[in-house]
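Here, each number is a calculation from the coordinates, and none is a lab measurement. Just so you know, these numbers come straight off a predicted model, no measurement behind them. In this analysis, Cβ positions are derived from the backbone assuming ideal geometry, glycine residues included, and neighbour counts consider all displayed protein chains.
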């Protein structure tokens, strides 16, 4: 199988975005809770965040002129790939404790791996990223591993 | 209150139907700050990207299967891990059914593994998932 991944692409493995520092507000949690149709009082009251609340922290806050035509911000962590058709990915999170209103969090996203495999209808590239969330005091909150496939 | 002792492998978790309205979808994308046009711009989604309608966010559907677990355990157990995969697209107006089943019990750790699904009206799974919960 020809190598699709150049040394330049592979050299990016291990890169991380600058750590994002956020303060979780009750109102942020409430907005997330009502928009996802939560029924639990602790979520609707904004005391505790539902399990996928942290997804929003992976989306950069940028002005419209910095976005692509489709509205997406360019993902600077993932290098341009030789296969352009990106298929939907997956997300796996290990929780150490729930996110709560008032938490001050440090969020770091890292490019964990890029590798290729032979698929049934041609080569596939797998991109694995990891999000680590801790409190500013260093208490572990969660680790999320996401992967996407390009073909 | 759910008790570890009363759970059996094969138990089905209560299902719940979700039909997102355009207002709910707007609120969700505002809450997570997602400006991706396929989720709110009908002309763009259909004419430029060829979708049949506005596309439901994958993580929103992931959240719906997460709620199958969090609603089932309430405060009786702790969520240890949760994962989901985007398998096929779903569109505005579709009614999606979220559910799951108990796959494994571990008496030494008092952990329970469940499988999760989100299905469309045709019965196709758009988002499969899994979770582990721990009882005290």
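Things worth noting here:
- FRET efficiency, 1/(1 + (r/R0)^6) with R0 30 Å, evaluated for residue B:46 and residue A:4 via beta carbons: 0.35
- In nm, spacing of pseudo-spin labels at residue A:27 and residue B:75 (7 Å Cα→C-beta vector): 2.7
- Here each label is just a point 7 Å from Cα along the line to Cβ, and for residue A:62 and residue B:108 those points are 4.9 nm apart.
- Alpha carbon centroid spacing (whole Å) that separates region A:46-64 from region A:71-96: 16
- The stretch between residue A:97 and residue A:83, if pulled fully straight at 0.36 nm per residue, gains 1.3 nm over its current Cα-Cα span.
- Debye log10 I(q)/I(0) for chain B, one point scatterer per Cα, at q = 0.13, 0.15 Å⁻¹: -0.59, -0.73
- Between 0 and 90°, nearest 10: helix B:22-32 axis offset from chain B longest Cα axis: 70
- Each distinct pair of alpha carbons in region A:7-150 adds a 1/r term; the inverse of their mean, the Kirkwood radius, is 16.9 Å.
- Rounded to 10°, Cα long-axis angle of helix B:58-73 versus longest principal axis of chain B: 30
- With an a/c value under 1.5 for the gyration tensor axes a ≥ b ≥ c computed over the alpha-carbon atoms, the protein assembly as shown is described as rounded.
- Only DSSP H runs of four or more residues enter the estimate; each adds -39500 (n - 2.57), and after division by the residues of chain A the mean residue ellipticity at 222 nm equals -2500 deg cm²/dmol.
- Mean separation of Cα contacts under 8 Å, 6 or more apart, over the residue count of region A:1-122: relative contact order %: 49
- Taking A:138, A:46, A:122 in turn, the Gaussian network model of chain A (Cα-Cα springs below 10 Å) assigns the largest fluctuation to A:122.
- Residue with peak Gaussian network fluctuation, chain B [Cα springs, cutoff 10 Å], from B:104, B:48, B:12: B:48
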